[in-house]
Amino acid sequence: MFPGAGTLINAALVLAGGLIGLCIKKGLKAQLQEALLHASAVASMFLGISGAMAGLLTVADGQLETTGGMLMILSLVIGTLIGELLRLDDRVNALAVWTQKKIKIQENGGRFVEGMVTATLVMCVGAMAIMGSLQDGLNNDPSLLIAKGVLDFVISIVFASSFGVGVLFSAFPLIVYQGGLTLLAQVISPILSEQLTLQLTYIGSVLIFVVGYNLLFSDRKIKVANMLPALLIPVLWEGIRWLWSLL
């Protein structure tokens, strides 16, 4: 397969799952839709916790130790500051509103925008999205992205049954994001160590937890999109270290 094939297969599975979810939605009561949404929220939170702990916790001499905590804190703080200054959350929501206007779909309560934004964040900031895209770009191996696509297929069924057609349009940001990472992997390969990959995955897992929190506590939402630059901080740090080693 060619680099990027995994992303295209992933996006196709998102579209397929979304279409199934739209068909199911017609037969689901509002109470059941809400229950499925809460189940997705809890699952996202625990996936985020497990992914973050897998990267932050190590066993040394029979004792459990933490590592990378300071980098995670700095990445989240600096990344969020950058995101707030750039108003990324407003821009992501504006993109979803623009998409809705262009295709002329009306859904009550902003469900189109919420569905597109939520599904995009869940499918893009997780560990599998990052590692799968890097693996596809460096080794021309789409297997991890295909496995992720199967999970996204199930997620999109649940989300589309709750949020509606907006979930289908999350496939397009996914193509841009994962396809961009696949191309970027070849550029940053000199600094793409196992440690950097681990750092990216546990920070991405923290963001997945926040998405789950937003689904569960919709009245007190955290602007997850404003936290996305946190994923760039480890890359910048490793880039500086690599350049320093060349001097």
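Residue check: Pro190 meets all listed conditions (1) in contact with a Phe, Trp or Tyr (Cβ under 7 Å, 6 or more places away or on another chain); (2) within 30 Å of Leu32 (Cβ to Cβ); (3) part of a helix (DSSP H, G or I) but one, namely (2). Within segment 17-24, can one find any residue that is within 14 Å of Lys148 (Cα to Cα), modelled with pLDDT of 85 or more and either surrounded by fewer than 16 Cβ atoms within 10 Å (Cβ to Cβ) or touching a Phe, Trp or Tyr at 6+ places or on another chain (Cβ under 9 Å) (or both)? Yes; the residues of segment 17-24 include at least one that is within 14 Å of Lys148 (Cα to Cα), modelled with pLDDT of 85 or more and either surrounded by fewer than 16 Cβ atoms within 10 Å (Cβ to Cβ) or touching a Phe, Trp or Tyr at 6+ places or on another chain (Cβ under 9 Å) (or both). Please verify whether segment 50-69 includes one or more residues that are farther than 24 Å from Lys221 by Cα, touching a strand residue (DSSP E or B) at 6+ places or on another chain (Cβ under 8 Å) and part of a helix (DSSP H, G or I). Yes; the residues of segment 50-69 include at least one that is farther than 24 Å from Lys221 by Cα, touching a strand residue (DSSP E or B) at 6+ places or on another chain (Cβ under 8 Å) and part of a helix (DSSP H, G or I).
Scanning segment 13-41 for residues that are within 16 Å of Cys124 (Cβ to Cβ) and either hydrophobic (A, V, I, L, M, F, W, C) or touching a strand residue (DSSP E or B) at 6+ places or on another chain (Cβ under 7 Å) (or both) gives Leu13, Val14, Leu15. Restricting Asn140, Asn214 to those that are in contact (Cβ under 8 Å) with a residue 24 or more places away in the chain and more than 30 Å from Gln33 (Cα to Cα) reduces the list to Asn140.
Return the only residue of Asp152, Asp141, Asp219 being over 27 Å from Arg91 (Cβ atoms) and among the acidic types (Asp, Glu).
Criteria check complete, one pass: Asp141.
Based on what the data block shows, is Ser133 among the hydroxyl-bearing types (Ser, Thr, Tyr) and in contact with a Ser or Thr (Cβ under 6 Å, 6 or more places away or on another chain)? Criteria met by Ser133. The residue that is surrounded by the fewest Cβ atoms within 10 Å (Cβ to Cβ), among those in segment 78-91 that are aliphatic (A, V, I, L, M) and free of Cβ contacts under 8 Å to residues at least 24 places away in the same chain, is Leu85. Here Leu232 clears all of (1) crowded, with 23+ Cβ neighbours inside 10 Å; (2) under 24 Å from Asn10 (Cα atoms) except the condition numbered (1).
Can you say whether Ser75 is among the polar types (S, T, N, Q), assigned to a helix (DSSP H, G or I) and over 20 Å from Val150 (Cα atoms), as far as the supplied structure shows? Lay out the reasoning, then the answer.
Numbers: among the polar types (S, T, N, Q): yes; assigned to a helix (DSSP H, G or I): yes; over 20 Å from Val150 (Cα atoms): yes.
For Ser75, the condition - among the polar types (S, T, N, Q), assigned to a helix (DSSP H, G or I) and over 20 Å from Val150 (Cα atoms) - is met.
A single member of Ile203, Ile222 is hydrophobic (A, V, I, L, M, F, W, C) and outside any helix (DSSP H, G or I), and it is Ile222.
Cβ separations smaller than 7 Å between residues 6+ apart or across chains give the following pairs from segment 120-136 residues that are without any contact (Cβ under 8 Å) to a residue 40 or more places away in the chain to residues that are assigned to a helix (DSSP H, G or I) and surrounded by 24 or more Cβ atoms within 10 Å (Cβ to Cβ): Met128/Lys148.
When Ala54, Ala30, Ala5, Ala39 are checked against the criterion of being free of Cβ contacts under 8 Å to residues at least 12 places away in the same chain, among the small types (Gly, Ala, Ser) and surrounded by fewer than 17 Cβ atoms within 10 Å (Cβ to Cβ), a single residue qualifies: Ala30.
The values are calculated or read from the model by the stated rules, or taken from the named source; none is laboratory data. Keep in mind that this is a model prediction, so the values were computed, not measured. Note that we place each Cβ from the backbone using ideal geometry, even for glycine, and neighbour counts take in every protein chain shown.
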